[in-house]
Amino acid sequence: MNPDLVDQMSSQLGPNGLPYMLPIHPNLVHLTLGLFIVAISFDIVGALFPLEKRVFKFLAVPASRSNFFDVGWFNIVAAAVVTFPTVAAGFYEILLAQPANDTVSAWGLHSLETMIWHGVGGVVLLALITGMAIWRGFQRYVWRKDRAREVQWSYLLTGLGVFVIMFAHGTLGAHLGGEFGIHISADRLLRAGEDLSVLNVLLPRVF
């Protein structure tokens, strides 16, 4: 890439190393995770509904089995849709990252290795979540449309397995922000030896 173009782009970046105030990827990640976790959790509740029915009745909670499966279905679809801009924003922000090279994470990885593994994990999760949504759709509308239990046990077990991958992937992302300071305004300013009071002007006030 042309060095002049790189310098020109760098001059347009904010204190967090991005052309906008707040990173997009971390916010979309939490939305994706939340949607997926809710989807699998509600499907598990729906699958175990015969065992829980008395509990709902005792608590006077008006719940039907199909309602839980509806929540599971719509949330997995939403998770699959949101995953695409989540991964796209992640790769864009990785390309603009300027991590410190003198730090090693708690997992013994350097910044570049962590970014690579996090990027690979993002693509893997994109494929898994999309595949889970397609799988869920076939169960809902084809394979099990006339059955009381709308989801297969293998689907739920796979979802729990994806939880484990999400945990590892999320930990790598936390290392990028917490240990390497990627796109963290305060970390970048400290490394540059600048006054943190500038953040009061540069960043929007939340409260």
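The values are calculated or read from the model by the stated rules, or taken from the named source; none is laboratory data. On a predicted model such as this, the values are computed, not experimentally measured, just so you know. Please note: Cβ atoms are built from the backbone with ideal geometry, for glycine as well, and neighbour counts cover all protein chains shown.
Tally the residues that are out of contact with any Lys or Arg (no Cβ under 9 Å at 6 or more places or on another chain) and more than 15 Å from F36 (Cβ to Cβ), restricting the search to segment 138-156. Talk me through it step by step, then tell me what you get.
Of the residues in segment 138-156, the ones out of contact with any Lys or Arg (no Cβ under 9 Å at 6 or more places or on another chain) are 140-147, 153-154, 156.
Okay, now just the ones that are also more than 15 Å from F36 (Cβ to Cβ), so 140-147, 153-154.
Qualifying residue count, segment 138-156: 10.
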Worksheet entry | Which numbered condition A63 fails, given (1) at pLDDT below 75; (2) of a type outside the set (D, E); (3) farther than 30 Å from F138 by Cβ; (4) in a loop (DSSP other than H, G, I, E, B) | (3)
Discussion item. I want to confirm something. Restricting to segment 163-195 and keeping residues that are among the aliphatic types (A, V, I, L, M) and modelled with pLDDT of 80 or more, which single residue is surrounded by the most Cβ atoms within 10 Å (Cβ to Cβ)?
Written reply: L176
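Residues are listed down the side, and each one gets a yes or a no for (1) in contact with a helix residue (DSSP H, G or I) (Cβ under 7 Å, 6 or more places away or on another chain); (2) hydrophobic (A, V, I, L, M, F, W, C); (3) not in a loop (DSSP other than H, G, I, E, B):
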residue: N67; (1), (2), (3): no, no, yes
residue: D70; (1), (2), (3): no, no, yes
residue: A79; (1), (2), (3): yes, yes, yes
residue: A89; (1), (2), (3): yes, yes, yes
residue: W117; (1), (2), (3): yes, yes, yes
residue: V120; (1), (2), (3): no, yes, yes
residue: V142; (1), (2), (3): no, yes, yes
residue: G159; (1), (2), (3): yes, no, yes
residue: T171; (1), (2), (3): no, no, yes
Worksheet item: Residues in segment 31-48 that are at pLDDT below 90 and either among the acidic types (D, E) or surrounded by fewer than 16 Cβ atoms within 10 Å (Cβ to Cβ) (or both): how many?
Response: 1
Item to complete: Out of the residues in segment 66-122 that are of a type in the set (S, T, Y) and at pLDDT 90 or above, state the one that is nearest to A148 (Cα to Cα).
Response: T83
Response to the item:
Conditions (1) closer than 29 Å to S66 by Cα; (2) modelled with pLDDT under 95; (3) over 16 Å from the mean Cα position of the chain (by Cα) -> V198 fails only (1)
Worksheet item: Taking segment 77-113 only, how many residues are without any contact (Cβ under 8 Å) to a residue 12 or more places away in the chain and of a type in the set (A, V, I, L, M, F, W, C)?
Response: 4
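Based on what the data block shows, is M9 surrounded by 12 or more Cβ atoms within 10 Å (Cβ to Cβ), in a helix (DSSP H, G or I) and modelled with pLDDT under 90?
Working: surrounded by 12 or more Cβ atoms within 10 Å (Cβ to Cβ): yes; in a helix (DSSP H, G or I): yes; modelled with pLDDT under 90: yes.
In short, yes.
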Worksheet item: What number goes with the only condition from (1) at pLDDT below 95; (2) part of a helix (DSSP H, G or I); (3) within 24 Å of the chain's Cα centre (by Cα); (4) buried (at least 19 other Cβ atoms within 10 Å of the Cβ) that V151 does not pass?
Response: (2)
Worksheet entry | Top-ranked residue in segment 64-80 [being among the small types (G, A, S) and crowded, with 17+ Cβ neighbours inside 10 Å; ranked as farthest from G46 (Cα to Cα)] | A80
Worksheet item: Give me the pairs: first residue in segment 124-152 and farther than 13 Å from I76 by Cα, second residue in a helix (DSSP H, G or I) and among the aliphatic types (A, V, I, L, M), beta-carbon distance under 6 Å, and six or more apart or on different chains, which are they?
Response: R149/A47
